[in-house]
Amino acid sequence: MKTTETTIHTAKLTNNCPTCYATDGLELTFTQTIKETLFYNKAATETNDSLHCHTCNQTIYPVDWNEDIERVYDYNKKLAVPNNKGYTLKTLAYWIIFVDVLLMAALVYYFFLN
């Protein structure tokens, strides 16, 4: 089973970095994990988030956030709409279902209508 992470929403922030105090380097990213098998794709229910400063090249953890960053985080979390949480069938799964239906129809015809 292969897992991939897709970016749902990215936002450049103009808040001060708690580490280097730069106002132009913060980037907030929301990602979602997708499990991929031979028959279907399924998106995870939870989203992951990270705040990274490109000026000092550090990840800013929620312990270091101030009230302004938390307010902007809450706003951007509402904008990050995750992918559908259901299963998405692949072509191989549809072919298997189609062949099974044909096989069942042939068996019903052979045993009951013949």
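The values are calculated or read from the model by the stated rules, or taken from the named source; none is laboratory data. It should be emphasised that the depicted structure is a prediction, and the values quoted were computed from it without experimental measurement. As a convention, Cβ positions derive from the backbone with ideal geometry for all residues, glycine included, and neighbour counts pool all protein chains shown.
Descriptive notes on the structure:
- Checking the stated criteria, Thr59 turns out not to satisfy the condition of being of a type in the set (Ser, Thr, Tyr) and within 22 Å of Thr3 (Cα to Cα).
- Of all residues in region 1-26, those satisfying the criterion of being exposed (fewer than 14 other Cβ atoms within 10 Å of the Cβ), assigned to a strand (DSSP E or B) and of a type outside the set (D, E, K, R) are Thr3, Thr4, Thr6, Thr7, Thr10.
- Members of region 59-73 found to be touching a residue at least 40 places away in the same chain (Cβ under 8 Å) and in a strand (DSSP E or B), listed by number: Ile60
- All conditions in (1) surrounded by 12 or more Cβ atoms within 10 Å (Cβ to Cβ); (2) more than 22 Å from Tyr75 (Cα to Cα); (3) among the hydroxyl-bearing types (Ser, Thr, Tyr); (4) touching a strand residue (DSSP E or B) at 6+ places or on another chain (Cβ under 7 Å) hold for Thr37, with the sole exception of (4).
- Meets criteria (under 18 Å from the mean Cα position of the chain (by Cα), surrounded by 12 or more Cβ atoms within 10 Å (Cβ to Cβ) and either modelled with pLDDT under 90 or not in a strand (DSSP E or B) (or both)) for Asn76: yes
- Some residue of region 42-53 being at pLDDT 90 or above, among the hydrophobic types (A, V, I, L, M, F, W, C) and more than 28 Å from Lys12 (Cα to Cα): no
- Looking only at region 1-15, residues that are touching a residue at least 40 places away in the same chain (Cβ under 8 Å) and over 16 Å from Asn84 (Cα atoms) come to 3 in all.
- Filtering region 27-53 to residues that are among the hydrophobic types (A, V, I, L, M, F, W, C), assigned to a strand (DSSP E or B) and either closer than 30 Å to Ile96 by Cα or touching a residue at least 40 places away in the same chain (Cβ under 8 Å) (or both) leaves Leu28, Phe30, Ile34, Ala43, Ala44.
- Taking the criterion of being hydroxyl-bearing (Ser, Thr, Tyr) and either modelled with pLDDT under 90 or exposed (fewer than 13 other Cβ atoms within 10 Å of the Cβ) (or both), the residues of region 59-73 that qualify are Thr59, Tyr61.
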